[in-house]
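Q: Next up is a structure, given as structure tokens.
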Amino acid sequence: MVLYFVILFLVLFFLSIEEKIFRNKRSFNLLIIIVAFILIFFEGLRSYTVGTDTNEYVHGFMNSRHFNQSSFKLKTALELGYVTMQGLANRISSNYWSILTVVAFFSVLSYFKSIRSLSFNFKVSIFVYLTLGAYIFVFNGARQGIAASICSLAIVEVFNKNKIRFFLWILLASQFHKTAFILLPFYYVFRSEFSLKKVIILLILASVSLKLLAPILTFFSEDTQTKYSEYISRGASGGYLFTLFYVILTLLFIRFRKQISKENIRYYDICLYICIMSSLIYLEVVITGIDINLMRLALYFSMGYILIWPVIFKEVKFFKSSLAKFLFYAVHIVFFYVYLATQSRLIPYNFNNII
């Protein structure tokens with residue numbers, strides 16, 4: 001586990017250099033590139049033993065080398081985008097580090113581009129991106145992790161008021177994992193003015209969404225249908241601490257809204273709605289007793305937390321104090337520790353020993 005924290009503090013160190021030494025945009029962009037490649041290679045050079053599904057992806061990558069691109073598409077239930085990514089990795093190397101690194105490259109850079117485009121404070125957003133698990137998730141679920149990273153680019157288009165590009169990014173994300181379609185109906189929700197009445201409506205919609213899940217899954221691949229049907233039938237086995245954390249956090253965000261200036265309130269409301277949807281997914285899993293794995297769908301709404309904290313640091317008086325900042329970093333570091341400890345096969349971290 002120590003190595004994960006080394007990477008976290010190394011990233012924070014490089015991003016802090018800009019605040020103390022560099023003041024020009026070119027220097028900061030160089031630091032961002034350095035940080036991005038640290039994260040890419042940390043993810044890409046890991047052993048196949050690190051991460052729940054890593055061994056399956058490595059096995060699939062090695063098998064794909066025995067088929068040409070067109071024939072392999074016919075022999076797998078994997079989405080076209082991921083199959084194409086495997087083909088690219090095959091051209092780079094026959095060793096599985098290539099597929100893990102290619103996945104890391106696209107997922108990390110997509111998030112970095114989104115955060116760079118939208119965040120009020122890049123350092124704070126990257127810290128949240130790392131500690132709340134959006135980065136680490138790809139270790140366990142590569143395809144869905146890539147889909148979520150592409151969906152972060154769709155979130156950019158919500159702020160830009162470009163619904164066509166929003167839908168196109170989601171369509172692209174669905175070529176890696178079709179659960180990305182969960183984000184599709186929310187463009188107008190995110191763009192609407194915040195009110196508690198709308199939150200209640202969203203809560204009601206979330207409570208009945210399980211009844212709609214089965215027919216929606218008919219649009220997914222056979223592999224996805226089977227997996228999520230099993231999740232529904234097995235019953236939840238945990239996740240209560242995560243649910244409590246996200247619900248309390250979102251309630252605090254609603255309370256902080258009173259202190260947000262008119263200049264930034266529309267930006268804040270979009271972030272707030274995204275956070276609310278994430279919390280509702282956690283609540284739905286706990287209240288209905290379905291399998292904890294459905295909490296993975298909350299990943300598509302992780303950008304809300306990544307973007308909202310810099311606004312709070314800028315606008316909420318309490319977070320201008322040293323104590324508040326200390327609490328922010330301490331709570332997120334504790335969450336990061338719990339996340340690493342509870343996620344399957346992330347510990348110990350081992351490097352690829354056959355490079």
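The values are calculated or read from the model by the stated rules, or taken from the named source; none is laboratory data. Just so it is clear, the model here is predicted, and its values are computed rather than measured. All Cβ positions, glycine included, derive from the backbone under ideal geometry; neighbour counts span all protein chains shown. Please note that ligands, DNA and RNA were not included when accessible areas were found on the heavy atoms of the full protein model with its side chains. Shrake-Rupley method; radii C 1.70, N 1.55, O 1.52, S 1.80 Å.
Q: Considering all alpha-carbon pairs of the stretch 259-299, what whole percent are spaced by more than 12 angstrom?
A: 61 percent
Q: Read phi for every residue in the stretch 251-268 and hand back ³J(HN,Hα) as whole Hz from Karplus 6.51 cos²θ - 1.76 cosθ + 1.60, θ = phi - 60°, with x for Gly and Pro.
A: 5, 5, 4, 5, 5, 5, 4, 4, 9, 7, 5, 4, 4, 10, 5, 5, 4, 4
Q: Output the pairs from K161/K320; K197/K320; K197/K258; K113/K161 with a Cα-Cα distance over 21 Å in this structure; if there are none, say none. All intermediate terms of the calculation are to be shown ahead of the outcome.
A: Values: K161/K320 31 Å; K197/K320 31 Å; K197/K258 17 Å; K113/K161 18 Å.
Violating the 21 Å limit, Cα to Cα: K161/K320; K197/K320.
Q: Taking the mean number of other Cβ atoms within 10 Å as a proxy for protection, how do you rank 319-328, 114-123, 168-177 from highest to lowest?
A: 168-177, 114-123, 319-328
Q: Pop the C-beta distance of F13 and Q343 into the FRET formula with R0 = 22 Å and round what comes out to the nearest 0.05.
A: 0.35
Q: Can you tell me which of 39-45, 101-107 comes out highest on packing, and rank the rest after it, using the mean Cβ neighbours within 10 Å?
A: Highest-to-lowest ranking by the protection proxy: 101-107, 39-45.
Q: Same structure, new question: Report the convex hull volume per residue for the stretch 238-355, counting only C-alpha atoms, in Å³.
A: 142 Å³
Q: Could you work out how much longer the chain between F351 and I333 gets when fully extended? Use 0.36 nm per residue separation minus the Cα distance between them, nm to one decimal. If you can, show how the numbers build up before the last one.
A: Numbers: separation 18, 0.36 × 18 = 6.48 nm, distance 2.35 nm.
My answer for the length gained is 4.1 nm.
Q: Moving on to the next point. Can you list the residues, at least 5 places off or on another chain, whose amide H is less than 5 Å from the amide H of R46, using H built in the peptide plane?
A: Result for R46 returns N352.
Q: Counting only other residues whose beta carbon sits under 14 Å from that of L196, what net charge do I get with K and R as +1, D and E as -1?
A: +3
Q: Order W97, W309 by their accessible area, 1.4 angstrom probe, all chains in place, largest first.
A: W97, W309
Q: Quick one: give the max-minus-min coordinate of the C-alpha atoms of the stretch 88-176 along each principal axis, largest first, in Å.
A: Extents along the principal axes: 42, 30, 19 Å.
Q: In square nanometres, what is the average projected area of the Cα convex hull of the stretch 296-347?
A: With the hull built on Cα positions only, its mean projection is 4.4 nm².
Q: Sticking with this one: Using a 1.4 angstrom probe with every protein chain in place, what is the largest-first accessible-area order of M62, M303?
A: Values: M62 75, M303 5 Å².
From most accessible down to least: M62, M303.
Q: Still on this model: Peptides 87-96, 194-203: what's the order by average Cβ count within 10 Å, highest mean first?
A: Order by mean packing, descending: 87-96, 194-203.
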